[in-house]
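Here the structure comes first, spelled out in structure tokens, and everything after it is commentary.
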Amino acid sequence: MRFEYLIGIRYLRARRRERFVSLIAVISLVGVALGTFALTVALSIMSGFQEDLRARLLAFTPEMTIERSDQSVWNPAQLQAQIAAIPGVVAVAPFVSSQVMAVAETSSGVTSYVSGGMLRGVVADNNATLTDLERTLQSGNLEELDRPQHVQVTENGAARTVDLPGAIVGRSLAGDLGVRVGDRIVLISPASLGAGAGGPRLKRFVVVGFFYSGMYEFDSSLIFVSLKNGRALLADDPGLQSGLELKLTNLFDAPAIKSKLSALAGPDYTIADWTGTNAPLFSALKLEKFTYFLVLLLIVVVAAFNIIATLVMVVMERRKEIAILCAMGARAGSVASIFLCEGAALGLVGTVLGVGSGFLFSFLVGKYHLIKLPSDMFMISYVPVTLYPLNFAAVAVAAIVLCLGAAFYPAWKARSLSPVEVIRYE
């Protein structure tokens with residue numbers, strides 16, 4: 001080992017009359033450890049919330065969609081087969097979507113509560129694009145959307161049994177309408193209510209299940225029906241969205257696959273992916289995460305100032321030893337290396353302790369859900385944690401660089417000492 005490292009580590013040890021200096025060094029080390037601990041835990045929790053929010057959004061927002069630019073209804077079968085052959089595409093399925101009015105209907109046919117909603121007509125059988133929706137179902141299953149539901153209705157005082165299609169609605173919307181599984185709702189296309197529309201276009205459905213995502217925007221508005229029934233209700237709706245939705249092997253490949261789809265489909269189609277659809281939200285989350293990083297990094301900056309004070313005091317205490325080293329032939333660069341070594345040692349030990357304990361704490365919080373949240377106020381009942389190696393590496397590098405930077409001024413002061421002046425007067 002080079003003598004600069006040996007002397008640098010030795011200078012951090014306390015002699016009887018220098019214990020105050022070593023105490024300041026310990027405080028600096030603890031400051032670095034606390035700063036990196038807080039920073040790694042905050043980034044892990046922020047990443048956890050970001051991942052959880054992304055998963056909830058993509059459970060009901062397609063990772064990628066392709067529609068005709070003129071918004072017309074079209075037969076996507078040929079294009080669907082071509083898209084399915086693209087590497088990275090797990091599943092492709094047609095869909096229709098539009099706003100509707102939902103009306104709860106009693107067993108006697110009398111309407112009660114009314115609410116607006118967003119209808120989505122989907123392929124219910126073996127549709128891999130809906131796996132996230134299936135995980136949020138609290139009752140029922142997607143296959144029931146394609147099965148006729150035998151319902152007894154009373155019309156003009158006479159009871160009869162009819163077959164009605166099924167619908168799955170959000171739990172909050174079901175509460176607004178006052179319906180349960182087995183109750184009937186009437187869905188009305190708002191476009192058919194305008195002047196000259198030829199009368200309202202409506203269709204009866206039976207509620208066959210509820211889903212709960214934890215996001216009020218979806219739970220209070222979305223209604224899922226089979227693709228056939230959705231097209232039958234919305235065929236003449238000018239606000240109809242009709243196209244293909246895609247699920248990808250890696251959702252972060254969406255921009256690259258989007259360029260392939262653009263070349264394949266041509267200018268008559270509009271292609272959107274989740275990064276563009278939710279760009280403002282994810283940009284805000286990214287900015288918030290970066291802000292947390294900068295704010296908590298100030299803790300490490302304060303610890304770095306303590307390192308400067310510690311090393312300056314060490315330089316003042318060791319003036320005679322430094323002068324003797326220079327007189328014995330030590331180069332100015334070697335003298336500076338001694339104090340750079342001290343700064344690096346404080347930064348490295350503090351960073352290892354802080355990042356290591358931060359990783360362990362974050363792992364335990366994520367695995368055992370140690371921090372609970374009130375489920376009636378938040379989307380989840382515990383604090384989510386995601387461990388990204390890049391976050392821990394960035395914190396470690398930033399902390400060590402700051403501590404090394406803090407050692408430059410004391411190192412420069414040490415290398416600038418004149419051995420002749422020091423030996424003459426001291």
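Within segment 208-244, the set of residues being in contact with a Pro (Cβ under 6 Å, 6 or more places away or on another chain) and either modelled with pLDDT under 90 or in a strand (DSSP E or B) (or both) comprises 244 only.
The criterion of at least 1 residues that are of a type in the set (Asp, Glu) is met by the following helices (runs of 4 or more DSSP H) wholly inside segment 326-426: 332-368, 419-425. Filtered by the rule that a residue be surrounded by fewer than 20 Cβ atoms within 10 Å (Cβ to Cβ) and either part of a helix (DSSP H, G or I) or among the charged types (D, E, K, R) (or both), segment 137-160 gives 143, 144, 146, 147, 155, 160. Within segment 291-303, being more than 13 Å from residue 30 (Cβ to Cβ) and not hydroxyl-bearing (Ser, Thr, Tyr) holds for 293, 294, 295, 296, 297, 298, 301. Annotation note: Cβ proximity below 8 Å between a residue of segment 262-282 that is under 16 Å from residue 55 (Cα atoms) and a residue that is at pLDDT 85 or above and loosely packed, with under 15 Cβ neighbours inside 10 Å (sequence gap 6+ or interchain) occurs for 273/255; 275/255.
Checking the condition open to solvent by 50 Å² or more (accessible area, probe 1.4 Å) and either modelled with pLDDT of 80 or more or at negative phi (or both), which residue from 181, 169 passes?
Details: 169 fails: open to solvent by 50 Å² or more (accessible area, probe 1.4 Å).
Residue meeting the stated conditions: 181.
Pairing residues of segment 56-67 that are more than 16 Å from residue 270 (Cα to Cα) and among the basic types (Lys, Arg) with residues that are assigned to a loop (DSSP other than H, G, I, E, B) and open to solvent by 20 Å² or more (accessible area, probe 1.4 Å), at Cβ distances under 8 Å and at least 6 apart in sequence or on separate chains, gives 56/215; 56/379. Evaluated against (1) aliphatic (A, V, I, L, M); (2) under 30 Å from residue 2 (Cβ atoms); (3) open to solvent by less than 80 Å² (accessible area, probe 1.4 Å); (4) in contact (Cβ under 8 Å) with a residue 40 or more places away in the chain, residue 353 falls short on exactly one condition, (3). Exactly one residue out of 163, 176, 125 is in contact with a helix residue (DSSP H, G or I) (Cβ under 8 Å, 6 or more places away or on another chain) and either surrounded by 17 or more Cβ atoms within 10 Å (Cβ to Cβ) or free of Cβ contacts under 8 Å to residues at least 60 places away in the same chain (or both): that is 125. In summary, residue 331 fulfils each of the numbered conditions (1) more than 39 Å from the chain's Cα centre (by Cα); (2) open to solvent by less than 60 Å² (accessible area, probe 1.4 Å) with the single exception of condition (2).
The values are calculated or read from the model by the stated rules, or taken from the named source; none is laboratory data. This is a predicted model, so every value here is computed, not measured. No Cβ is skipped: glycine too gets one built from the backbone with ideal geometry, and neighbour counts run over all protein chains shown. Surface accessibility is based on the protein's heavy atoms, side chains included, excluding ligands, DNA and RNA. Shrake-Rupley method; radii C 1.70, N 1.55, O 1.52, S 1.80 Å.
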